[in-house]
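Asks: Dropping the structure in here first, questions after.
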Amino acid sequence: MKHLLKLMDLSAKEISEILNLADQLKFEKKNGIKHPLLEGKTLGMIFEKSSTRTRVSFETGMYDLGGMALFLSSRDLQIGRGEPVEDTARVLSRYLDGIMIRTFDQKEVEDLAKYGSIPVINGLTDYCHPCQVLADLMTIREYKDGISGNKLCYIGDGNNMTNSLIVGGIKMGMEVSVACPEGYRPDAEIMQWAEKNGKFTCTDDVLKAAEGADVLYTDVWASMGQEAEAEARKKIFKGYQINAEVMGVAKSDAIVLHCLPAHREEEITAEVFEAHANEIFDEAENRLHAQKAVLVKCLSK
């Protein structure tokens, strides 16, 4: 695996191999077994969007693997002052063994990979969030003893998380249902792909989407960069919430996941969040293990 730009680029076999390695690395870390698989390697981490989980998990992951991570804020790089991404890619390729970037435009990630000569990992764009969904799939597998055959229901904004959840879920054999308002649907091409390649529905009916779900998932109504829309979105997304009523139509052993940060009493009630906190924070922890697996797959050659 050269890059991780989006989940659409990976086969189900490649995703499974990442998850299997993530399980192994998690077991080893929990049992104090060292795994310096990237000793002497250096990862540059470009942040044009701020982060808690992405920065800490990648930085810790490189340390665990025997390598080093460099935090590169866009405010400190020439890319933030107009240097073309193709020039940045070619320069950083001479210094680093890999790049992780968290930014707005998917094209910027693709261009880094196109013009650079080292692996590029997508830490988040407005289009997709592959690292988060790998951690989500890892968590589903832990709680459900497998992925295929489960029903995943996402409720909320059809954003980057939704796009990646649809792709990851369908590729791994899940039924995927999405509930979101008209005008806030996931990417049209991704939905068309999902309809052709698996069992997929998109509706504005929350209870219909959640019926019989094994996994319920949500995200904030206003993502990073949409702060000015926050008040308007509260009105638009009212009712698109994981609450007791929604839990009542899902399977009795349904798990709840959230990519965090969570806004209690907006997209999820505090009651449901706390009842499923173990799942949600296991999911957050699994960012570390899933990303370490990606780092090994990309950088260890």
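Any read-out appearing in this document is the output of simple, stated calculations on the displayed coordinates, not a laboratory observation. Bear in mind the structure is a predicted one, so any value in this text is a computation, not a measurement. All Cβ positions, even for glycine, are placed from backbone atoms using ideal geometry, and neighbour counts span all protein chains on display.
Asks: If one takes the longest principal axis of the Cα atoms in the chain, at what angle in degrees, from 0 to 90 and to the nearest 10, does the Cα axis of helix 53-64 lie?
Replies: 50 degrees
Asks: Which whole-Hz couplings ³J(HN,Hα) result when phi for each residue of segment 244-255 is put into the Karplus expression 6.51 cos²θ - 1.76 cosθ + 1.60, θ = phi - 60°, listed in order with x for Gly and Pro?
Replies: 4, 5, 5, 4, x, 9, 6, 5, 4, 9, 4, 9
Asks: Place +1 on the Cβ of every Lys and Arg and -1 on the Cβ of every Asp and Glu in segment 42-192, take the dipole about the Cα centre, and give the residue among 191, 148, 82 whose Cα lies farthest towards its positive end.
Replies: Highest projection toward the positive end goes to 148.
Asks: Residue by residue, what Karplus-based ³J(HN,Hα) values in Hz, rounded to whole numbers, does segment 106-111 have, using 6.51, -1.76 and 1.60 with θ = phi - 60° and x for Gly and Pro?
Replies: 4, 4, 5, 5, 4, 5
Asks: Quick one: plug the Kirkwood hydrodynamic radius of segment 132-283 (C-alpha pairs) into Stokes-Einstein at 10 °C, 1.306 mPa s, and report D in µm²/s.
Replies: On the way: Rh = 15.1 Å.
Reported coefficient: 105 µm²/s.
Asks: A further question follows. Which lysines have a Cα less than 22 Å from the Cα of residue 238, not counting those fewer than 8 places away in the same chain?
Replies: Once the sequence-local lysines are set aside, what remains near residue 238 is 208.
Asks: Another question, if that's okay. Given the Cα atoms of segment 1-155, and with Rh set as the inverse mean 1/r over their pairs in the Kirkwood sense, what is Rg to Rh to two decimals? Present the calculation step by step, with values, prior to reporting the outcome.
Replies: Values: Rg = 16.2 Å, Rh = 16.6 Å.
On the Cα set of segment 1-155, Rg over Rh gives 0.98.
Asks: Under the rule of at least 5 residues apart or a separate chain, name every residue whose amide H is placed under 5 Å from the amide H of residue 4.
Replies: Counting only residues 5 or more places away or on other chains, the set is 120, 121, 122.
Asks: Compute the acute angle (0 to 90°) between the alpha-carbon long axis of helix 277-299 and the principal axis of greatest extent of the alpha-carbon atoms of the chain; round to the nearest 10°.
Replies: The angle comes out at about 30 degrees.
Asks: Separate question: Please list 3J(HN,Hα) in residue order for segment 128-137, calculated via the Karplus relation 6.51 cos²θ - 1.76 cosθ + 1.60 where θ = phi - 60°; whole Hz, with x for glycine and proline.
Replies: Each residue's phi maps through the Karplus curve to give 7, 9, x, 5, 4, 6, 4, 5, 5, 5 Hz.
Asks: By per-residue mean of other Cβ atoms within 10 Å, what is the highest-first order of 255-261, 164-170, 226-232, 95-101? Mind showing how you got there, number by number?
Replies: Numbers: 255-261: 20.9, 164-170: 28.1, 226-232: 11.6, 95-101: 22.6.
Ranking, from highest mean packing down: 164-170, 95-101, 255-261, 226-232.
Asks: Which of the lysines could a cross-linker bridge to residue 297, judged by Cα under 21 Å and excluding same-chain residues fewer than eight apart?
Replies: Candidates past the 8-residue exclusion: 2, 6, 13, 26, 29, 30, 34, 41, 114, 171.
Asks: Compute the relative contact order of the chain as a whole-number percentage, counting only Cα pairs closer than 8 Å that sit 6 or more residues apart in sequence.
Replies: Reported relative contact order: 21 percent.
Asks: If contacts are Cα pairs under 8 angstrom and at least 6 residues apart, what is the relative contact order of segment 162-202 in percent?
Replies: On the way: 40 pairs, mean separation 21.4, N = 41.
With pairs under 8 Å counted, the relative contact order is 52 percent.
Asks: Quick one: which residues, 5+ away or cross-chain, put their amide H under 5 Å from the amide H of residue 202? H built at 1.01 Å from N.
Replies: 178
Asks: Any idea what the dipole of segment 132-283 comes to, in debye rounded to 20, about its Cα centre with Lys/Arg Cβ at +1 and Asp/Glu Cβ at -1?
Replies: The dipole magnitude comes to about 400 debye.
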